[in-house]
Amino acid sequence: MSAEQSVRLKKYFEKHPADISPIVPFDIFSDKLYCFNFTASNTELVSAILNDTDIFSEWIRRKLREENCRYGIGGYDEHRTIYSRSDLFDSDQEPRRLHLGIDIWGDEGTQVFSPLSGKIHSFKFNDNFGDYGATLIIEHHADGVKFYSLYGHLSLASIQNLVKGSAVSKGQKIAEFGDITENGHWPPHLHFQLIFNMQDKEGDYPGVCRFSDRESFLDNCPNPDILLKHTFGY
């Protein structure tokens, strides 16, 4: 059923692009995107970089400067080595390494806007090393399909004074990129994920899964490109 819903949403947004608002400030005529690679093929990302958040953050900033880009992007269905930096993604069995959303890398304090109208489902401060940090989840409906958008690695101020169930307008500012003390100790960025079934979770949903669980998680978490391509014009 989720696969059918994903196709239905994709077709709907292709026909109704005006229903979508940009998720971050981006000028399709002057801005460029840098596509990050966080798989094992990127041998530049050694443990000395990954294990120090300040050094990792400077590595991200340097890449963006060198490419003259305000934002970096990437990650959906990407098998990432970077999660080895946190025990949060390890287990006695198979570690979690497969990314279920798309990351938008940029400056701390970058504004985040709701791409669609909806209502606040839940929010939470997931304060573990490598976790989401401040997190917001919004419920949406489009073409008869209910789904959720998750925003991770936000500033703590983004989830203060929120009320569950309150309305969110398309294009409304909902958050800002958090700093490393409030975003799960990552270089500043936004984790953006779409979810069909929240499975009774509040303020949290896995953004990374085991590769053996890939099929079921990707079925429940469609590619956010169905929305983001209308922001970035790719």
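In summary, strands (runs of 3 or more DSSP E) completely within the stretch 20-129 and bearing 1 or more residues that are at pLDDT below 95 occur at 71-74, 96-99. Summed over the stretch 111-152, residues that are of a type in the set (Val, Ile, Thr) and surrounded by fewer than 20 Cβ atoms within 10 Å (Cβ to Cβ) total 2. The numbered conditions (1) out of contact with any helix residue (DSSP H, G or I) (no Cβ under 8 Å at 6 or more places or on another chain); (2) crowded, with 20+ Cβ neighbours inside 10 Å are all true for TYR71 except (1). So which residues in the stretch 159-181 are touching a residue at least 12 places away in the same chain (Cβ under 8 Å), surrounded by fewer than 17 Cβ atoms within 10 Å (Cβ to Cβ), part of a loop (DSSP other than H, G, I, E, B) and of a type outside the set (A, V, I, L, M), if there are any at all? Across the stretch 159-181, the qualifying residues are LYS164, GLY165, SER166, SER169, LYS170, GLY171, GLN172. Residues of the stretch 22-39 that are among the aromatic types (Phe, Trp, Tyr) and either over 27 Å from HIS79 (Cα atoms) or over 15 Å from the mean Cα position of the chain (by Cα) (or both): PHE26, PHE29, TYR34.
Given the condition in contact with a helix residue (DSSP H, G or I) (Cβ under 7 Å, 6 or more places away or on another chain), surrounded by 18 or more Cβ atoms within 10 Å (Cβ to Cβ) and touching a residue at least 12 places away in the same chain (Cβ under 8 Å), answer yes or no: does some residue in the stretch 210-224 qualify? The answer is yes, given that some residue of the stretch 210-224 is in contact with a helix residue (DSSP H, G or I) (Cβ under 7 Å, 6 or more places away or on another chain), surrounded by 18 or more Cβ atoms within 10 Å (Cβ to Cβ) and touching a residue at least 12 places away in the same chain (Cβ under 8 Å). The set of residues in the stretch 43-56 being surrounded by 13 or more Cβ atoms within 10 Å (Cβ to Cβ) and either touching a residue at least 24 places away in the same chain (Cβ under 8 Å) or out of contact with any helix residue (DSSP H, G or I) (no Cβ under 7 Å at 6 or more places or on another chain) (or both) consists of LEU45, LEU50, ASP52, THR53, PHE56. Among the criteria (1) surrounded by fewer than 21 Cβ atoms within 10 Å (Cβ to Cβ); (2) part of a loop (DSSP other than H, G, I, E, B), the one GLY184 does not fulfil is (1).
The values are calculated or read from the model by the stated rules, or taken from the named source; none is laboratory data. Predicted model only: the values in this text are computed from it and were never measured. No Cβ is skipped: glycine too gets one built from the backbone with ideal geometry, and neighbour counts run over all protein chains shown.
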